[in-house]
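A short write-up of the structure that comes next.
The values are calculated or read from the model by the stated rules, or taken from the named source; none is laboratory data. Bear in mind the structure is a predicted one, so any value in this text is a computation, not a measurement. As a convention, Cβ positions derive from the backbone with ideal geometry for all residues, glycine included, and neighbour counts pool all protein chains shown. Please note that ligands, DNA and RNA were not included when accessible areas were found on the heavy atoms of the full protein model with its side chains. Shrake-Rupley method; radii C 1.70, N 1.55, O 1.52, S 1.80 Å.
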Amino acid sequence: MRLLTYILLAAPILASCVPHDPRGHDNSRRSDKHDDKQDDKSKDRPRPTSCTTTTPPASTTSCVPTTSPTKAFTVIAAHSGSPIHLLPMVAGGLGFQVGGGTSSYCPTVVGASCPPGNETVFVGGSISVMVPGGQQQYVEVGGRIGYTQAHSASMPVGAIPGGFSYYKCPDEQFGHITTSIFNATGLMACPDNSFGTQRYVVYANIPNAVVPSGNVQDCIGFDGLTSDYNGPLPAAWQYT
Ligand SMILES: *[C@@H]1O[C@H](CO)[C@@H](O)[C@H](O)[C@H]1NC(C)=O
Ligand SMILES: *[C@@H]1O[C@H](CO)[C@@H](O)[C@H](O)[C@H]1NC(C)=O
């Protein structure tokens with residue numbers, strides 16, 4: 001409840017630090033045809049190139065979007081009134097889901113040196129893993145955000161390596177991730193019923209996304225709010 005209250009109170013402050021997308025920030029259900037007043041306001045607002053405050057950003061944070069933040073973080077989705085609000089964004093199925101638990105693996109031979117593997121942690125522009133060679137994030141042509149299988153550099157044809165831009169302005173409690181790959185306007189969670197239960201899979205918010213339900217209007221735009229992670233790194237041997 002405290003978190004929710006914070007988000008509601010802080011929304012205008014957070015908005016003033018958002019990097020600027022001329023199309024405005026789409027945090028509404030794509031199918032919602034109503035204009036959101038908040039969005040209209042942010043379009044009229046002057047567009048600073050960075051947040052100017054008297055406190056400089058800590059060396060581990062950046063108010064200007066960066067694709068390789070040095071600070072480790074976890075992510076929750078925010079879209080109030082939606083079924084995904086404040087659920088964690090977790091790795092699984094070589095992609096990301098909103099809600100549910102992290103899917104990871106550590107070979108028995110690694111034994112006591114296995115990292116916890118129970119949280120999905122990002123650092124330096126990708127997921128935090130111990131496996132040699134790491135796991136590279138990418139955005140598929142259809143918008144799905146994925147990462148390579150351990151021991152493989154193979155990506156789907158046309159995929160662009162990378163994924164999230166991170167920013168966290170001075171004195172903000174939460175940082176943010178977003179993506180502009182393929183001109184995306186941020187992130188969205190798309191329902192997928194192919195697992196027996198409904199899951200929400202993370203996509204770049206692009207109009208022509210190829211989503212599990214076949215209809216991009218089913219997807220829910222969300223803000224990726226980050227929290228600094230201070231646990232052991234790497235956070236997992238590999239995500240599966
Ligand atoms: C992961 O495991 C650690 C250590 O057992 C625990 O402190 C932490 O709360 C767990 N995190 C989650 C998200 O379950
Ligand atoms: C992204 O936008 C730029 C400028 O409008 C355009 O030239 C480019 O083709 C777009 N890229 C994609 C993948 O749509």
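Is it fair to say Met188 is at pLDDT 95 or above and either assigned to a loop (DSSP other than H, G, I, E, B) or out of contact with any strand residue (DSSP E or B) (no Cβ under 9 Å at 6 or more places or on another chain) (or both)?
No, not satisfied.
Can you find a residue in region 106-115 that is within 15 Å of ligand 1 (Cβ to nearest atom), open to solvent by 20 Å² or more (accessible area, probe 1.4 Å), at pLDDT 95 or above and under 14 Å from Gly224 (Cα atoms)?
No: zero hits.
If I ask for residues that are closer than 28 Å to Met130 by Cα, assigned to a loop (DSSP other than H, G, I, E, B) and open to solvent by 40 Å² or more (accessible area, probe 1.4 Å), which ones from region 196-236 would you list?
Asn230, Pro232, Leu233, listed by residue number.
Mind listing whichever residues of region 71-98 are in a loop (DSSP other than H, G, I, E, B) and either open to solvent by 30 Å² or more (accessible area, probe 1.4 Å) or free of Cβ contacts under 8 Å to residues at least 40 places away in the same chain (or both)?
Lys71, Ser80, Gly81, Pro83, His85, Leu86, Leu87, Gly93, Leu94
Kindly evaluate Val157 against the criterion of being touching a Pro at 6+ places or on another chain (Cβ under 9 Å) and either within 25 Å of Gly134 (Cβ to Cβ) or buried (at least 17 other Cβ atoms within 10 Å of the Cβ) (or both).
Numbers: touching a Pro at 6+ places or on another chain (Cβ under 9 Å): no; either within 25 Å of Gly134 (Cβ to Cβ) or buried (at least 17 other Cβ atoms within 10 Å of the Cβ) (or both): yes.
For Val157, the condition - touching a Pro at 6+ places or on another chain (Cβ under 9 Å) and either within 25 Å of Gly134 (Cβ to Cβ) or buried (at least 17 other Cβ atoms within 10 Å of the Cβ) (or both) - is not met.
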